[in-house]
Amino acid sequence: MTGKFICMCVYTYLFNETIVSLKRYSDFYIEPTRVALVGSKRLYCIRYILKDMDFTLFIFVFVFGTVVGSFLNVVIFRYNTNFSLGGRSVCLYCGKTLKWYELVPLLSFLAQKGRCATCKSRLSLQYPLVEFATGALFLLSFIYAENYMASAFFYFLPYLFAIMSILLVIVVYDLRHKIIPDKLVFSFILLSLIRPALFLLPGENLPSALLSGPLFSAPFALLFFISRGKWIGLGDAKLVLGIGWFLGIVKAGLAVLFSFWIGALFSIILLFLRGRQFTMKSEIPFAPFLLLGFAIALFVPTDYLLKLLGFSG
Ligand SMILES: [Zn+2]
């Protein structure tokens, strides 16, 4: 048996017929192992056997992402405060040092129903959301690196993880404080500039790769100066500079396009939901939409996106 498998140990009351019909899946098949008889029903431990899919690895990468995500939460909460990044985590309300089992990403939050185990204060939804988002982005990065960067996998993947982490911190910080810290965004820009130096995309040359950053960033900077910062922040223009250099002209164009569309859709929905409370003057941070556009442009195959937009490339 060459296929990698995971033993889910799902104890089910399934009859043989159900399992046999499940077995006909093309990508994976399920091998039932009878464990015990409970009453008249057979108790099965189902083994999912996945052919040609690194499923075990996928789970490992996702879990690794959630662990990094819980560290990113600490960075987001402590950035620009007097707290250092080291030191044990404490409850922000009662100050109690958290035990190891209160620090398990996602699971602790679910097990404690979103409350501190000691003082029962409601914990920020940011914890599980950032953990999940990091896990998901790391998993997508892994699949992307495996498919498109196989030859450079072992240094491209950590690089992609770093890019995703810093983008997430920037986006959540922007959501919380409506500002993008210069130190963070400049680190992202520098990190992005490494990409054209190390890898050129198909059909790309160094001048066009270097042009991509300023090309997309300039309109954002222009919007900032025309509106005197009312429509868009200068931080967004800086963020787009990095996105442009990292993605290259075609993908960066798609990223900006999709972020505007998603942003517009979101504004319209907000306009309907909130009515008069929400005006065009209401400040919505744009960085989250840029991250969404970035992820779509990076992870969805470019030829598919171009076809979707009516370009037969
Ligand atoms: Zn507490």
Residue count, region 73-97, condition surrounded by 15 or more Cβ atoms within 10 Å (Cβ to Cβ), within 16 Å of Ser124 (Cα to Cα) and aromatic (Phe, Trp, Tyr), comes to 1
In region 55-82, which residues are aromatic (Phe, Trp, Tyr) and within 16 Å of the ligand (Cβ to nearest atom)? Phe77
Residues of region 112-129 being of a type in the set (Ser, Thr, Tyr) and part of a helix (DSSP H, G or I), in sequence order, are Tyr127
Report yes if Asp182 is surrounded by fewer than 20 Cβ atoms within 10 Å (Cβ to Cβ) and acidic (Asp, Glu), otherwise no. yes
Any residue in region 93-112 that is closer than 17 Å to Ala133 by Cβ and in the same structural domain as Glu131 (by TED's automatic domain parsing) sitting within a Cβ distance under 8 Å of a residue that is in a loop (DSSP other than H, G, I, E, B) and near the ligand (Cβ under 10 Å from one of its atoms)? List the pairs, counting only those 6 or more apart or interchain. Phe109/Leu123
Do any residues in region 246-257 that are free of Cβ contacts under 8 Å to residues at least 60 places away in the same chain have Cβ atoms under 9 Å from those of residues that are outside any helix (DSSP H, G or I) and of a type in the set (Val, Ile, Thr), where the two are at least six apart or on different chains, and which pairs are they? Leu254/Val300
Which members of region 91-111 meet the condition of being more than 10 Å from the ligand (Cβ to nearest atom) and part of a loop (DSSP other than H, G, I, E, B)? Lys99, Leu103, Val104, Pro105, Leu106
Whichever residue in region 119-129 is surrounded by fewer than 16 Cβ atoms within 10 Å (Cβ to Cβ) and of a type in the set (A, V, I, L, M) and, among such residues, is farthest from the ligand (Cβ to nearest atom): Leu129
Any chance Cys116 is more than 20 Å from Val63 (Cβ to Cβ), touching a residue at least 24 places away in the same chain (Cβ under 8 Å) and crowded, with 16+ Cβ neighbours inside 10 Å: yes
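The values are calculated or read from the model by the stated rules, or taken from the named source; none is laboratory data. It should be emphasised that the depicted structure is a prediction, and the values quoted were computed from it without experimental measurement. Ideal geometry is used to build each Cβ from the backbone, glycine not excepted, and the neighbour counts take in all protein chains shown.
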